Amino acid sequence: MRLKGRSIKSGRSSGEALVSRDPIGFFGGVDPETGVVVERGHELEGRSISGKVLVFPGGKGSTVGSYTLYRLSQNGRAPVGIINSESEAIVAVGAIIAEIPAVDLIDISNMATGDLVSIEDDIVEVTRPGGAP
Amino acid sequence: MRLTTEEQAMEAGEHGPAVAKAMEILVALGEIYGAEELVPVVSVQVAGVSYGNLGQAGLDFLQAWADQGARVVVPTTLNPAGMDLEAWRQLGIPESYARRQLEVIEAYRAMGISASCSCTPYLTGNRPRFAQHLAWSESSAVSYANSVLGARTNREGGPSALAAAITGRTPGYGLHLERNRQATLVVDVKCAPQSWADFGALGYLVGRQSGDAVPYFRFGPAESPGLEELKTLGAAMAASGAVALYHVQSVTPEARLRDVVESQAPNLTIKSLDEGYRALNSPGERVDLVWIGCPHASLVEIEQTASCLNGKELSSRLWVIAGREVIREARARGLIARIEASGGKVVGDACLLGAPLVEMGITSLATNSAKAAFYLRSLQGTQVRFGSLERCVEAAGTGVWPA
């Protein structure tokens with residue numbers, strides 16, 4: 001499956017998708033040292049976003065969350081790519097300062113955790129191990 | 001988004017990597033929010049100063065950007081820090097925290113920003129004029145600049161405000177455009193607010209129900225809110241909601257200049273503030289610290305506090321927080337001496353929301369600020385009392401919230 005979106009932070013990357021249907025608040029919601037989601041009750045609670053292509057609707061919460069993405073990247077714990085339905089300022093600024101390729105205006109409803117995803121600027125390529133899409 | 005030749009050169013790195021990164025941030029935000037161009041700004045207010053909120057991540061980033069050569073090109077002021085930058089030892093701030101906090105200030109200084117740490121820049125020399133474009137963060141200052149001064153700014157985050165300061169530009173969307181400044185909610189105030197705390201409770205209630213609407217207030221004929229009332233009203237709405245602009249009939253500049261109410265705007269009537277006071281109070285009786293000055297106190301608020309104290313002996317700590325220039329003026333008028341005579345302290349630069357409160361042994365606070373109460377409620381292990389200045393001063397005297 002090949003999808004075209006809008007480039008937020010240009011670049012290329014690829015990896016395994018980690019999909020959240022909930023928005024993500026990085027400040028206080030993700031441990032900047034480990035990359036593990038710590039927000040109580042979040043659907044990704046306890047999962048690590050490190051090294052994944054993180055797929056979620058958009059950001060939420062404190063604007064300081066942009067700096068959390070930067071810290072994750074400094075610690076080698078950042079996601080390798082970001083795909084949003086619609087990015088807002090926290091995620092967009094975070095992706096730029098952390099230099100994580102990011103794209104939005106993507107229909108994420110058919111994407112699932114475990115899909116293999118590659119990003120090249122505004123193009124997203126999705127393959128599912130063992131079959132469609 | 002259309003960029004000028006100069007802006008394209010900035011984006012391409014011809015002015016160095018720090019400017020290129022700033023442009024990249026502004027262009028991405030402009031694209032997301034549908035801006036057609038960048039607009040020049042006359043001043044910037046930067047949030048993300050207190051080490052408690054910024055953390056090591058933010059400090060690392062600021063140092064790296066400063067090392068890349070980031071320098072501001074328009075007058076730029078800072079939000080409060082997590083402590084008084086001069087008197088932190090006397091206030092019991094842990095040394096390890098203070099060292100990090102001072103490194104943050106140093107990184108900003110390296111970018112050419114003076115360490116004027118206040119959430120009320122409009123009281124301390126950064127006072128924009130009508131219709132000027134700004135890039136301000138700090139939700140209460142954004143609300144004041146838009147609503148009371150009639151200047152134009154979106155609610156910026158720390159990095160986007162800094163990017164604007166480095167380039168002198170901000171994407172022209174949202175509240176930079178007059179068409180987005182019309183009121184979308186008419187608020188009839190039927191409860192006759194008196195104290196500053198009443199205006200805060202009102203703001204809390206309206207913000208909670210209006211999200212990012214633009215409210216238009218109609219007060220009774222006897223009420224004509226001034227600087228302090230509008231400052232606390234706007235701060236509370238920006239905390240419980242995302243209100244960045246409001247109008248007050250016959251009071252705020254745009255409401256006096258043109259018809260600012262959108263046709264079909266729904267109506268909200270506020271008959272009582274009780275629910276606001278209920279929601280912003282926790283049950284504890286003991287008060288460790290009384291906090292006056294959120295947003296930072298004006299001269300009038302400092303004077304009222306001094307008058308209210310009137311030499312009274314205090315059992316709890318009482319801190320009045322304000323910007324340095326306001327404190328200097330208050331000192332010259334003898335107001336600080338009157339507060340200190342009771343054992344109160346006047347603190348500069350700080351915001352208690354980013355301060356290491358629990359480490360300082362402070363777990364129960366009282367305040368006349370609805371904004372402060374709103375955020376303190378969500379701080380783990382902290383009790384908060386919210387009421388008028390008179391009740392707060394009484395609590396500082398006895399150490400117990402008055403029944």
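Using only the alpha-carbon atoms of region B:1-83, report the extent along each of the three principal axes, biggest first, to the nearest angstrom.
43, 24, 24
Over the protein assembly as shown, how many pairs of lysines fall under 27 Å by alpha carbon, counting only those 8 or more apart in sequence or from different chains?
For the protein assembly as shown, qualifying lysine pairs total 21.
Once the Cα gyration tensor of region B:182-273 is diagonalised, what are the square roots of 5 times its eigenvalues, in whole Å and ordered largest first, as equivalent ellipsoid semi-axes?
Three semi-axes, in Å: 17, 15, 12.
What is the ratio of the Cα radius of gyration of chain B to 2.2 N^0.38 Å, where N is its residue count, to two decimals?
Dividing the Cα radius of gyration by 2.2 N^0.38 Å gives 0.98.
Treating the Cα atoms of region B:5-178 as identical point scatterers in vacuum, please give the log10 of the normalised Debye intensity I(q)/I(0) at q = 0.18 Å⁻¹, two decimals.
Taking Cα atoms of region B:5-178 as identical point scatterers yields -1.11.
Write down the Å³ per residue value for the convex hull defined by the alpha carbon atoms of the protein assembly as shown.
148
Between region A:17-43 and region B:319-360, what is the C-alpha centre distance in whole Å?
38
Amide H of residue B:39: which non-local residues (sequence gap of 5 or more, or other chain) have their own amide H closer than 5 Å, using H built in the peptide plane?
For residue B:39, whose amide H was placed from the backbone, the distant partners under 5 Å are B:170, B:172.
Enumerate the amide H contacts of residue B:46 below 5 Å, restricted to partners 5 or more residues apart or on another chain; note that Pro and chain-start residues carry no placed amide H.
B:77, B:78, B:79, B:137
Could you let me know the centre-to-centre spacing of region A:72-105 and region B:250-307, using Cα atoms, in angstrom?
37
Only four residue types carry charge here, +1 at the Cβ of Lys and Arg and -1 at the Cβ of Asp and Glu. Report the dipole size of chain A about the Cα centre in Debye, rounded to the nearest 20.
Here chain A has a charge dipole of around 100 debye.
Enumerate the residues in region B:122-150 having an amide nitrogen under 17 Å from the point lying 7 Å beyond the Cα of residue B:328 toward its Cβ.
Zone members listed by number: B:122-127.
How large is the charge dipole for region B:33-174, taken about the Cα centre, if only the Cβ atoms of Lys, Arg (+1) and Asp, Glu (-1) carry charge, to the nearest 20 debye?
300
Please work out the FRET efficiency for the pair residue B:378 and residue A:2, using the Cβ-Cβ distance as r and a Förster radius of 41 Å; give the result to the nearest 0.05.
0.40
Provide B:274, B:212 in ascending order of the number of other Cβ atoms located within 10 Å of each residue's Cβ, fewest first.
Fewest to most other Cβ atoms nearby, the residues stand as B:274, B:212.
What do you get for the angle between helix A:65-74 and the principal long axis of chain A? Use alpha-carbon atoms, 0 to 90 degrees, nearest ten.
Between the helix axis and the principal axis of chain A, the angle is about 80 degrees.
Counting other Cβ atoms within 10 Å, which trypsin sites (Lys or Arg not before Pro) in region A:1-109 have at most 14 and lie in a DSSP loop?
Filter output for region A:1-109: A:21, A:40.
Could you tell me the largest-minus-smallest coordinate of the C-alpha atoms of region B:254-342 on each of the three principal axes, in descending order and whole angstroms?
55, 38, 19
Work out, step by step, the length gained on full extension between residue B:33 and residue B:307: first 0.36 nm times the residue separation, then minus their alpha carbon distance; give nm to one decimal.
Gain on extension, residue B:33 to residue B:307, equals 93.8 nm.
Tell me, what ³J(HN,Hα) does each residue in region B:248-257 have, in order and in whole Hz, if you take phi through Karplus 6.51 cos²θ - 1.76 cosθ + 1.60 with θ = phi - 60° and put x for Gly and Pro?
Here the 3J(HN,Hα) series is 10, 3, 6, 10, 7, x, 5, 5, 7, 9 Hz.
Roughly how many debye, to the nearest 20, is the charge dipole of region B:279-380 about its Cα centre, given +1 on each Lys and Arg Cβ, -1 on each Asp and Glu Cβ, and no other charges?
80
Quick one: what are the phi-derived ³J(HN,Hα) couplings along region A:99-113, Karplus 6.51/-1.76/1.60 with θ = phi - 60°, whole Hz, x for glycine and proline?
Result, rounded to whole Hz: 6, 10, x, 9, 9, 10, 6, 10, 6, 8, 5, 9, 8, 9, 4.
From the P(r) of region B:280-398, could you give the percentage of C-alpha pairs in the tail past 26 Å?
Everything past 26 Å amounts to 12 percent.
Out of region B:288-353, which GluC sites (Glu not before Pro) are coil in DSSP terms and have no more than 11 other C-beta atoms within 10 Å?
Sites meeting the loop and neighbour criteria: B:313.
Ratio of Rg to Rh for chain A, alpha carbon only, Kirkwood?
A ratio of 0.93.
Give a residue-ordered list of calculated ³J(HN,Hα) values for region B:344-356 (Karplus: 6.51 cos²θ - 1.76 cosθ + 1.60, θ = phi - 60°; whole Hz; x for Gly, Pro).
Per residue, the Karplus-derived 3J(HN,Hα) values read x, 10, 10, 10, x, 6, 9, 10, 5, 6, x, 8, x Hz.
What longest region of chain B stays clear of trypsin sites (Lys or Arg not before Pro) that DSSP places outside H, G, I, E and B and that have at most 12 other Cβ atoms within 10 Å?
B:272-403
Only the coordinates and a few stated rules stand behind these numbers; no lab work does. All of these numbers come straight from a predicted model, not from anything done at the bench. Ideal geometry is used to build each Cβ from the backbone, glycine not excepted, and the neighbour counts take in all protein chains shown.
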